[in-house]
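Below is one structure; the comments refer to it alone.
The values are calculated or read from the model by the stated rules, or taken from the named source; none is laboratory data. On a predicted model such as this, the values are computed, not experimentally measured, just so you know. Ideal geometry is used to build each Cβ from the backbone, glycine not excepted, and the neighbour counts take in all protein chains shown. Quick note on the areas: whole protein, heavy atoms, side chains included, nothing else; ligands and nucleic acids left out. Shrake-Rupley method; radii C 1.70, N 1.55, O 1.52, S 1.80 Å.
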Amino acid sequence: MKHTSPRYTNFQFTFGRINVILGANGAGKSKFLTELKDSVAVLTDGAKAVYIEGGRTIKIKDVLQLDHTNVVQFERMDSALAHYANKRATSLADRVFDALVVLDKRDTQVKSHHSDSVAQWSKDGQIGPCPTRAQPPLEHLFELFNEIFPQITLTYDSHARRLAAQKNGESYGPSSLSDGEKQVFSILADLIGLDESYKLIVADEPELNPESVTRQQPDCGKLLM
């Protein structure tokens with residue numbers, strides 16, 4: 001991808017698949033990333049961008065509760081997807097709930113499709129192998145998270161709509177994960193299931209250190225493609 005930046009005297013930048021932008025505080029990294037994010041549709045023939053901001057402000061709810069304040073937005077898959085898509089270019093912290101609700105609904109779709117396929121297979125005389133079920137998205141999310149944090153196992157009770165984490169024999173909600181664990185969980189939930197219209201991922205100084213190391217780190221922004 002190539003981008004001619006008005007901020008830098010119309011200099012033409014050429015980007016590869018993964019790019020890291022380094023600079024001191026106040027150098028303009030975040031403004032440049034915002035410029036790229038806002039220009040992605042023009043640069044890539046109508047593609048979309050996903051924005052992941054830095055900081056340690058992410059809050060994860062332990063229960064994916066639908067009530068009178070959000071049931072209209074999230075009760076149906078089409079409205080949930082539309083509401084979620086509208087937040088793709090804004091704060092990750094503001095769309096974690098949306099991401100998890102959509103994954104839960106996709107889980108239900110996967111399981112329903114498998115049940116229908118097995119029923120049809122039986123009706124047709126069980127010819128050929130029994131249909132196998134695709135991996136539900138939430139299960140995939142938990143598996144990826146466990147690869148990064150092997151000491152933590154995540155589960156979801158679809159009836160109670162409750163998420164849980166188990167570590168060293170203790171069980172607790174994901175709201176009690178460390179700051180770094182929350183952001184990794186949120187990023188994974190946000191990126192699973194992206195369709196081909198999303199061509200650019202912009203990550204502006206994400207806090208990804210699960211041990212919350214306090215030593216000084218180089219100040220940087222990241223542009224991921």
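Things worth noting here:
- Qualifying positions in the range 136-161 - open to solvent by 10 Å² or more (accessible area, probe 1.4 Å), among the hydrophobic types (A, V, I, L, M, F, W, C) and in contact with a strand residue (DSSP E or B) (Cβ under 8 Å, 6 or more places away or on another chain): 142, 154, 160
- Within the range 162-193, the set of residues being open to solvent by 40 Å² or more (accessible area, probe 1.4 Å) and under 20 Å from residue 143 (Cβ atoms) comprises 162, 166, 167, 168, 171, 172, 191, 193.
- Listed by position, the strands (runs of 3 or more DSSP E) contained in the range 1-116 that have at least 3 residues being loosely packed, with under 15 Cβ neighbours inside 10 Å and without any contact (Cβ under 8 Å) to a residue 60 or more places away in the chain are 2-5, 11-14.
- Of all residues in the range 143-180, those satisfying the criterion of being within 16 Å of residue 99 (Cβ to Cβ) and of a type outside the set (A, V, I, L, M, F, W, C) are 156, 161, 174, 175.
- For residue 59, the stated conditions hold: it is within 27 Å of residue 180 (Cα to Cα) and at pLDDT 85 or above.
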